[in-house]
1. Out of region 5-94, which GluC sites (Glu not before Pro) are coil in DSSP terms and have no more than 15 other C-beta atoms within 10 Å?
2. Counting only C-alpha contacts under 8 Å and six or more residues apart, can you give the relative contact order of region 63-112 as a whole percent?
3. Determine the distance separating the Cα centre of region 88-104 from the Cα centre of region 23-38; give it in Å without decimals.
4. Please name whichever of Q21, S52, P68 sits farthest to the positive end of the charge dipole of the chain, dipole taken about the Cα centre and charges placed at Cβ: Lys and Arg +1, Asp and Glu -1.
5. Sum up the charges of everything whose Cβ sits under 14 Å from the Cβ of E17, counting Lys and Arg as +1 and Asp and Glu as -1, but leave E17 out.
6. Using a cut-off of 13 Å between beta-carbons, work out the net charge of the residues near L66 (Lys and Arg +1, Asp and Glu -1, L66 not included).
7. Give me the log10 of I(q) over I(0) for region 2-111 at q = 0.09, 0.17, 0.19 Å⁻¹, as the Debye formula computes it from C-alpha points; what are the numbers?
8. Counting other Cβ atoms within 10 Å, which trypsin sites (Lys or Arg not before Pro) in region 1-71 have at most 12 and lie in a DSSP loop?
Amino acid sequence: MHELALAEDILRKIKEEAAKQGSTRVSSVKILLGASLVSDLPELKEILANISKGTVAEGMKLNIKLSPVKAACRKCGSEFDPKEMRLDCPKCGSTDIGLTSGKELIIEEMRK
């Protein structure tokens with residue numbers, strides 16, 4: 001279910017960008033997608049292909065690059081890989097941390 005909502009958001013952004021460019025067809029799109037947003041990339045691609053039927057994006061070539069999840073401590077500025085589901089900074093122990101990457105959804109390139 002999560003992948004469906006993400007696919008709908010991606011398609012919405014593609015359609016908006018196509019409209020801005022005056023495009024009636026999108027042949028390919030390159031997307032930077034935060035790894036924290038997707039749990040099943042093949043499923044996301046399949047859903048996106050299905051929901052794009054009948055739109056400007058039907059049949060488009062899809063290139064998705066995943067952006068790794070990274071976090072930073074707001075207290076000491078230390079950046080780290082939060083793969084170990086930590087809720088504290090490994091350097092200073094502060095719990096005031098936030099994601100600095102891994103949550104992006106950016107259309108980097110789109111071709112007619």
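1. Those satisfying the criteria are E58.
2. Details: 66 pairs, mean separation 19.9, N = 50.
RCO, region 63-112: 40 percent.
3. 27 Å
4. So the residue furthest toward the plus end is Q21.
5. My count for the surroundings of E17 gives +4.
6. On the way: positive: K30, K45, K65, K70, K103; negative: D40, E104, E108.
Computed value for this residue: +2.
7. Each listed q maps to, in turn, -0.31, -0.78, -0.88.
8. Here the sparse-neighbourhood loop sites are K53.
The numbers here are math on the coordinates, done by the rules we state, and not lab data. On a predicted model such as this, the values are computed, not experimentally measured, just so you know. Cβ sites come from the backbone with ideal geometry, for glycine too, and all protein chains shown count toward neighbours.
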